[in-house]
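Enquirer: Please see the structure below; I have some questions.
The values are calculated or read from the model by the stated rules, or taken from the named source; none is laboratory data. All figures in this text were calculated on a predicted structure; none of them were measured in a lab. Every residue, glycine among them, receives a Cβ derived from its backbone with ideal geometry; neighbour counts consider all protein chains shown.
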Amino acid sequence: MQILNKQSKNPYYLQLSQAFEKMIKTGYFSHGEKLPTLTEMREIFNVSLKVAAQTYDDLNRKGMIFSKRGKGFFVSYHESISIDLNYFYQIEAELVHEMNMERHILLFEKVEVDGYVAEQLELGEGDYCYHIKQAFGKELKNVLLEDIYLPISHFPKLNKNYEKYPTLPSLIMSGYRYNLDSFSNKYFSSHVSIEHEIILKLQMNESLWRVESVFYTKDHKPIALVNHYLSGEYVTMEVMLDVD
Amino acid sequence: MSIEYKNEVMIDRRSKKPIHEQIYSQLESLLSSARVINNEAIIKADSLAKKLNIPLAEVQKAYDLLEKNKFIKYDEFSKPYVIKYARILDFFTKLIFIEDGIKSLGKEPSFDNMELEIVELEESNLIPLNEYNDKRFLRQSRLFRADGEPYFYLEEFYPIERFPKMLELKSDFKDKIYWAILQKYYDIEFVRNKRKINVHLFDGELSKIMNVKKGLPGFKIDLVYYDQNNKVFCYAYAYSLPHFYFEYDVKL
């Protein structure tokens, strides 16, 4: 592997630990994952055991990994964010504008709505909806997966306009000039399924937030239904409340 | 979403665990995952029994237990449906006075005092310990029950530095509510609290206390209590049951 640079002033262990730090931060190794053992390190990078041990020592000091006696080295680092419950609708904007994440559109299709979606959006059987599946993330790590349902009657020619607006509220408010008024959110704790395992790079037996939001306009008509999936490790919800 | 139930349920005929328990535990974790949604139809007991080639009585037993634990319900044609989250956790009124919340559900509230002790904390991700010279806290853990069933687990920490009177509390104070004592001796009134809500998976000890299966997801709530002068007077952890959900509407 071409990580080590002989000409560099930095010692090997520092070069290795910086490379590992980058891999951990971008999600190549996720929280709790086992890292190669010292002897495996020796073989992969062709370095001495001492250098391998120094690398893990350095990472340990930075709080990126921890060791279990007799088991090996594991990733302890995980990024996390706190979201005020009153501003949950800003989560996309926060990820895109504050944390410089990218949006990946995974699916964009027209579907005939059935029971659950029709009920939430107050549509009749046989009406059509856009169904968009998208993920937000940085490099290798996605942190938010969304299932969006937008009724075709409210959003004509969406396929041409959708990519111009980085967040859903901006699409609805600036793109289509609807006045958003309120959001009804339901918060669930859930299990990871195969879809989340692949897209959010989570492991089975990890916890997951599922937040179901319905967007309402000024005349109390539901205009969008979004199912958010967020890693439980990554997100904490916060709220301050007065006792009446 | 459609799920091939016959591929989801694996029966180990050599296992000592009864077949209906095997079916139940596998369906329970499937129904609490994100793969099924509310009100989705689930396979009928007799067709599942036929597909797995096991007696109907065993499957029916598992389904009865699922119905009792509010994972499924039947419509008028006795077709089973998924109820994903039978219990709404109204964080914003019911968590403050848990007993009132349980009463409002039409259930009889009660609580067990699990532990009452003085602990010296070395580290904590909830309590900013560097703000306290005396690291001793009165730790009180309680399990709230609704109709005798575990409902909510609460663990509170009162700083001894602020309330030295707490050191004198004997075990016969066990059933008393501490806020009354705080009000009497320290003129402290509970005015507001700050909540940090995480999702977590139930593990060993806690799943035993709450009587739920290991590995099911629920909420963990970190609470910080403020008095009328906006000073912190108590820290607490709370754990909800799995299959709770909560609603929080926002108006722009």
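Enquirer: Considering only residues that are within 11 Å of another protein chain (Cβ to nearest Cβ) and of a type in the set (D, E, K, R), look in region B:212-226 and name the one that is farthest from A:THR236 (Cα to Cα).
Expert: That would be B:LYS214.
Enquirer: Keeping to region A:24-77, report how many residues are under 19 Å from A:LEU200 (Cβ atoms) and aromatic (Phe, Trp, Tyr).
Expert: Residues that pass the stated criteria total 3.
Enquirer: For region B:28-122, which helices (runs of 4 or more DSSP H) that fit wholly inside it have 3 or more residues that are among the small types (Gly, Ala, Ser)?
Expert: Those helices (runs of 4 or more DSSP H) span B:45-52.
Enquirer: Could you grab me the full set of residues in region B:228-252 that are over 13 Å from B:ASN193 (Cβ atoms), more than 7 Å from chain A (Cβ to nearest Cβ) and free of Cβ contacts under 8 Å to residues at least 40 places away in the same chain?
Expert: Matches in region B:228-252: B:ASN229 only.
Enquirer: Quick one: would you say A:VAL239 is loosely packed, with under 15 Cβ neighbours inside 10 Å and closer than 30 Å to B:VAL232 by Cβ?
Expert: No, not satisfied.
Enquirer: Follow-up. Name the residue that is farthest from the other protein chains (Cβ to nearest Cβ), counting only residues in region A:162-172 that are at pLDDT 90 or above and in contact with a strand residue (DSSP E or B) (Cβ under 7 Å, 6 or more places away or on another chain).
Expert: A:LEU168
Enquirer: Within region A:128-138, is even one residue closer than 19 Å to A:PHE215 by Cα, within 14 Å of chain B (Cβ to nearest Cβ) and either touching a residue at least 60 places away in the same chain (Cβ under 8 Å) or of a type outside the set (Gly, Ala, Ser) (or both)?
Expert: Within region A:128-138 (the criterion being closer than 19 Å to A:PHE215 by Cα, within 14 Å of chain B (Cβ to nearest Cβ) and either touching a residue at least 60 places away in the same chain (Cβ under 8 Å) or of a type outside the set (Gly, Ala, Ser) (or both)), the answer is yes, since at least one residue qualifies.
Enquirer: Further, regarding this structure: Pairs under 8 Å by beta carbon, first residue farther than 15 Å from B:LEU154 by Cβ in region B:203-220, partner small (Gly, Ala, Ser) and part of a strand (DSSP E or B), six or more apart or different chains?
Expert: B:VAL212/B:GLY218; B:PRO217/A:SER189; B:PRO217/A:SER190; B:PRO217/A:SER207
Enquirer: On to the next question. How many of the residues making up region A:185-205 are within 14 Å of B:ARG35 (Cα to Cα), surrounded by 20 or more Cβ atoms within 10 Å (Cβ to Cβ), more than 7 Å from every other protein chain (Cβ to nearest Cβ) and in contact with a helix residue (DSSP H, G or I) (Cβ under 9 Å, 6 or more places away or on another chain)?
Expert: 0
Enquirer: Within region A:190-209, does at least one residue satisfy the condition of being under 19 Å from the mean Cα position of the chain (by Cα), at pLDDT 90 or above and assigned to a helix (DSSP H, G or I)?
Expert: Scanning region A:190-209, I find no residue that is under 19 Å from the mean Cα position of the chain (by Cα), at pLDDT 90 or above and assigned to a helix (DSSP H, G or I), so the answer is no.
Enquirer: How many of the residues in region A:211-244 are at the interface with chain B (Cβ under 7 Å from one of its Cβ atoms) and farther than 21 Å from A:MET99 by Cβ?
Expert: Here the count works out to 5.
Enquirer: Ok, one more. Taking A:MET41 as meeting all but one of (1) in a helix (DSSP H, G or I); (2) free of Cβ contacts under 8 Å to residues at least 12 places away in the same chain, write down the number of the exception.
Expert: A:MET41 satisfies every listed condition except (2).
Enquirer: Are any of the residues in region A:139-148 in contact with a Lys or Arg (Cβ under 8 Å, 6 or more places away or on another chain) and surrounded by fewer than 15 Cβ atoms within 10 Å (Cβ to Cβ)?
Expert: Yes - at least one qualifying residue is present in region A:139-148.
Enquirer: Return the residues of region A:99-113 that are farther than 30 Å from A:ASP127 by Cα and among the hydrophobic types (A, V, I, L, M, F, W, C); say none if nothing qualifies.
Expert: A:MET99, A:MET101 - these are the residues of region A:99-113 that are farther than 30 Å from A:ASP127 by Cα and among the hydrophobic types (A, V, I, L, M, F, W, C).
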